[in-house]
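Right, one structure below, let's go through it.
Just so it is clear, none of the values below were taken in a lab; they were calculated from the coordinates. Note that the structure is a prediction, hence the values are computed from the model and not measured. Don't worry about glycine lacking a Cβ; one is built from the backbone with ideal geometry, like all the others, and counts go over all protein chains shown.
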Amino acid sequence: MDLKNTFGELVDKLRRQRPVIHEITNYVTAESCADVALAAGASPVMADEPEEVEEITAGADALVLNLGTISFNKQIAMERAVAVAAKKGIPVILDPVGVMTSTMRLNFALQLLNKGVISIVRGNYSECNALLLGKTGGHGVDNLDETTDEGQALRLAKDAASKFNCVFAVTGAVDNISNGKQAVVLNNGHPLLQDITGSGCMTSTLVACCAAITKDMLVAAALGVVIMGQSAELAANFLEKKDGPGMFKVRLMDCVYHVTTKWNLVNLKPEEKVS
């Protein structure tokens, strides 16, 4: 797989086509997700009212389901939106925020996965491991497995993808993405991503932007993760000594724009590989 040339063609296509991304997301990061979609060249719409989600989903090119601030009404909205997406062949990206901490979240995510309607899952190790094992255990919504080695995360991505018949993107210091047969290991990013709200949610949005313009969900997931990782590295390079997470987040949004408008300047690291 020629990642750089494939990615370059898709980035151009993304900015040319401006796909509509429907996000049923959480109120903590909704603005950041909308901004990052716009910066990448897509057109976001945030609608979670059950009475209108079917109509809005029907006009979208990708659907994001983010469980960050899940509620009964949002579950209804997500179920209705997914039904339309499945019928029309619209890719669905699941961000299983905090499923390791809440039985309600975990059961709902598993319900969606077991229906076979999810195209890509983008989550951290703790979230994806909870989905694979089908059990909770933890506090808060952040990754609880910081000591996980690359081999464990790669096995998790492959096993979860095989079990649920979709692509799993297990993101962290090293990103492991698999469709159950092939895998992509990426080494982009910057530690400051852990110090801002919404880095995972924004990554899921970027994955959806890419899923909207290709039928290869492994490539879509990998490209979305690469855009975020490259943008984070570029943003960190622009910081001054007095700057911290706040300015990093501002720079990050700018850098998503720069990465997707100047893809010819982006280089994948030698460590990045496809297997």
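Return the FRET efficiency for the residue pair Gln152, Met104: r is the Cβ-Cβ distance, R0 is 25 Å, and the value is rounded to the nearest 0.05.
Numbers: r = 27 Å, r/R0 = 1.08.
With R0 = 25 Å, the Cβ-Cβ based efficiency is 0.40.
Scanning the chain for trypsin sites (Lys or Arg not before Pro) that sit in a DSSP loop and have at most 14 other Cβ atoms within 10 Å, the longest stretch containing none of them is 1-114.
Please arrange Met104, Met253, Met202 by counting, for each residue, the other beta carbons lying within 10 Å of its beta carbon, fewest first.
The order, fewest Cβ neighbours first, is Met104, Met253, Met202.
Between Thr69 and Lys135, the modelled labels are 3.3 nm apart [label points 7 Å from Cα along Cα→Cβ]. Residues His22, His190, His258, ranked from the fewest to the most other C-beta atoms within 10 Å, line up as His258, His190, His22.
What is segment 48-119's relative contact order, in percent, from Cα pairs under 8 angstrom and six or more apart in sequence? Once divided by the residue count of segment 48-119, the mean separation gives 34 percent. Applying 1/(1 + (r/R0)^6) with R0 = 22 Å to the Cβ-Cβ distance of Gln194 and Val250 gives a FRET efficiency near 0.85. One decimal place: the segment Lys181-Glu54 gains 42.4 nm when fully extended, by the rule 0.36 nm per residue minus the C-alpha distance. Between Tyr27 and Thr6, full extension at 0.36 nm per residue minus the direct alpha carbon distance yields a gain of 4.2 nm. For the chain, a Gaussian network of Cα nodes joined below 10 Å ranks Asp254, Asp195, Asp35 by mean-square fluctuation, and the top entry is Asp195.
Fewest Cβ neighbours within 10 Å first, please rank Ser119, Ser43 accordingly.
Details: Ser119 23, Ser43 17.
In order of increasing Cβ crowding within 10 Å: Ser43, Ser119.
Using the rule -39500 (n - 2.57) for each DSSP H run of four or more residues, divided by the residues of the chain, the 222 nm mean residue ellipticity is -16000 deg cm²/dmol. Here the label points at Thr261 and Ser162, each 7 Å from Cα along the C-beta direction, are separated by 4.5 nm in the simple model. In this simple spin-label model, placing a label point 7 Å from the Cα along the Cα-to-Cβ direction at both Gln17 and Lys215 gives a separation of 1.2 nm.
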